[in-house]
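The values are calculated or read from the model by the stated rules, or taken from the named source; none is laboratory data. Not measured: the values here are computed from a predicted model. Using ideal geometry, Cβ is built from the backbone for each residue, glycine included, and neighbour counts are taken over all protein chains shown. With ligands, DNA and RNA removed, areas are computed over all heavy atoms of the protein, side chains included. Shrake-Rupley method; radii C 1.70, N 1.55, O 1.52, S 1.80 Å.
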Amino acid sequence: MAAESQAADSVGIVEPQRLHFPEPIRLESGHTLPEFNLVFETYGTLNADASNAVLICHALSGHHHAAGYHSREDRKPGWWDACIGPGKPIDTNKFFVVCPNNLGGCHGSTGPASENPDTGRPYGPDFPVITVRDWVKSQARLADRLGIDQWAAVIGGSLGGMQALDWAIHYPERIRHAVVIAATPRLTAQNIAFNEVARRAITSDPEFHEGRYLENDAIPQRGLMLARMVGHITYLSDVSMGEKFGRELRDHAYHFGFDVEFQVESYLQYQGVRFSETFDANTYLLMTRALDYFDPAREFGNDLTRAMAEARCRFLVLSFSSDWRFAPEHSQKLVNAMVDARRDVSYAEIDSDWGHDAFLVPNERYESLFRAYMNRVAKEHGDAG
């Protein structure tokens, strides 16, 4: 659907915004960025007392373009358009929605491909390792600049859900609700292993040049492609891949070679090539390491209940039955810690065959629960309009 034929519940044509932060930001690693930029989009209207603001935190390969279109020629809307817009679960008739591209990203915010002010060349591998805590810290500065003292809700899926958790724990006075979708309080050894394979695929590419590929007019495309292929397998379920591709052959016959023969192989290669053309390799390394490091219980004696006791907001936690990367038991462990800490939490496991990516796929029960909760957020704070 091109933008000119967009539905009435679309936010329409949107334009990314950019803010420069001249003050240095000290990162969890101990490094300091002397200055930085954040690119973001907003949807809806901020009310007079700035009480209807909602922050959307993106996942590993996400960015600021969550809803609407950038031009009338766009054929696809933002990555979470199904949930953001007039009458949708995150209703832009009620909420002012903010979605930034994370620090260290590759879609406009300061990251490894940005110019290092000390050298005049791209940061490349000199860009410091970023954590979820660093993202939340930079987002708090963005909120300050936008005049938002407290978010009505901070919402995210996967790595975005981890950011919502970090907001709740470390800025408890600045968030009223947290919506944590298809997330986990920390990665398992298996998840860390998948991330390491993806990183090795990138760093072993001859075109990686120890992270200085831009200075060498090169792109580690093969490595990025393999990293995305590995990641994409973990985002889908066996059932969804079976239903979509089965063992279907491209040419209905074996060719007895090692070129692409099965439709699933063709799909993975297509996803890998497309990703390698739009995403920065150093950013991928940073994002996966941020996933590895996230563990809010660590600073509380490895006690997740003590970590959740820091929060003051209400929670909605959602998981999906076929998500084997961040399986429902991860969310249940998180919910149990919230209950033990006497936090207000609502939880649901959604039946879906779409695996980890289910939070991006339309699902009637998912949308109904999400909408009901967000209506409650709006009504509680006088934003129902």
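Among E367, E215, E243, what's the order by accessible area (1.4 angstrom probe), most exposed first? Working shown, then result.
Working: E367 40, E215 80, E243 135 Å².
Descending order: E243, E215, E367.
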Quiz item: Sorted by accessible area (1.4 Å probe), largest first, how do Y270, Y69 line up?
Solution: Y270, Y69
Exercise. Please calculate the 1.4 Å probe accessible area of D126, with all protein chains present, and give it to the nearest 10 Å².
Key: 90
Quiz prompt | Overall form of region 192-288 per C-alpha gyration tensor (a/c, 1.5; a/b vs b/c) | solution = prolate
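If R₀ is 35 angstrom, what is the calculated FRET efficiency for the pair V339 and R72, using the beta carbon separation as r and rounding to 0.05?
Values: r = 49 Å, r/R0 = 1.39.
Computed FRET efficiency for V339 and R72: 0.10.
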Quiz item: Using the heavy atoms of the protein chains alone and a 1.4 angstrom probe, what is the accessible area of the chain per residue in square angstrom?
Solution: 44
Quiz item: Hey, if you put +1 on the Cβ of every Lys and Arg and -1 on every Asp and Glu Cβ in the chain, which of S204, H107, P172 ends up farthest toward the positive end of that dipole?
Solution: P172
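Based on Cα coordinates alone, diagonalise the gyration tensor for the chain, multiply each eigenvalue by 5, take square roots, and list the semi-axes in whole Å, largest first. Display every interim value, and only then the final one.
Working: eigenvalues 192, 134, 101 Å².
Equivalent ellipsoid semi-axes, largest first: 31, 26, 22 Å.
Given a 1.4 angstrom probe, I'd like the percentage of the accessible area of the chain that is carbon and sulfur, rounded to a whole number. Let's see the in-between values first.
On the way: 8190 of 16860 Å².
With neighbouring chains kept in place, the figure for the chain is 49 percent.
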Quiz prompt | Equivalent-ellipsoid semi-axes of region 246-300, from the Cα gyration tensor, Å, largest first | solution = 37, 15, 8
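Dipole magnitude of the chain about its Cα centre, charges +1 at Lys/Arg Cβ and -1 at Asp/Glu Cβ only, in debye to the nearest 20? Walk me through the numbers before you get to the answer.
Working: 37 positive and 52 negative charges, 166 e Å.
So the magnitude is around 800 debye.
Give a quick list of chymotrypsin sites (Phe, Trp or Tyr not before Pro) in region 272-371 that DSSP marks as loop, anything other than H, G, I, E or B, with at most 16 other Cβ atoms within 10 Å.
W324
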Quiz item: Which value at 222 nm does the chain reach when only helices count, each DSSP H run of 4 or more adding -39,500 (n - 2.57), with the total divided by all residues and rounded to the nearest 500 deg cm²/dmol?
Solution: -10500 deg cm²/dmol
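Would you mind telling me the antiparallel percentage of the DSSP bridges in the chain, rounded to 5?
Details: 13 of 39 bridges.
Expressed as a percentage, antiparallel bridges in the chain total about 35.
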Exercise. For region 189-222 and region 63-77, compute the distance between their C-alpha centroids and round to whole Å.
Key: 29
Exercise. Identify which of M241, M225, M287 has the largest mean-square fluctuation in a Gaussian network model of the chain, with springs joining Cα atoms closer than 10 Å.
Key: M241
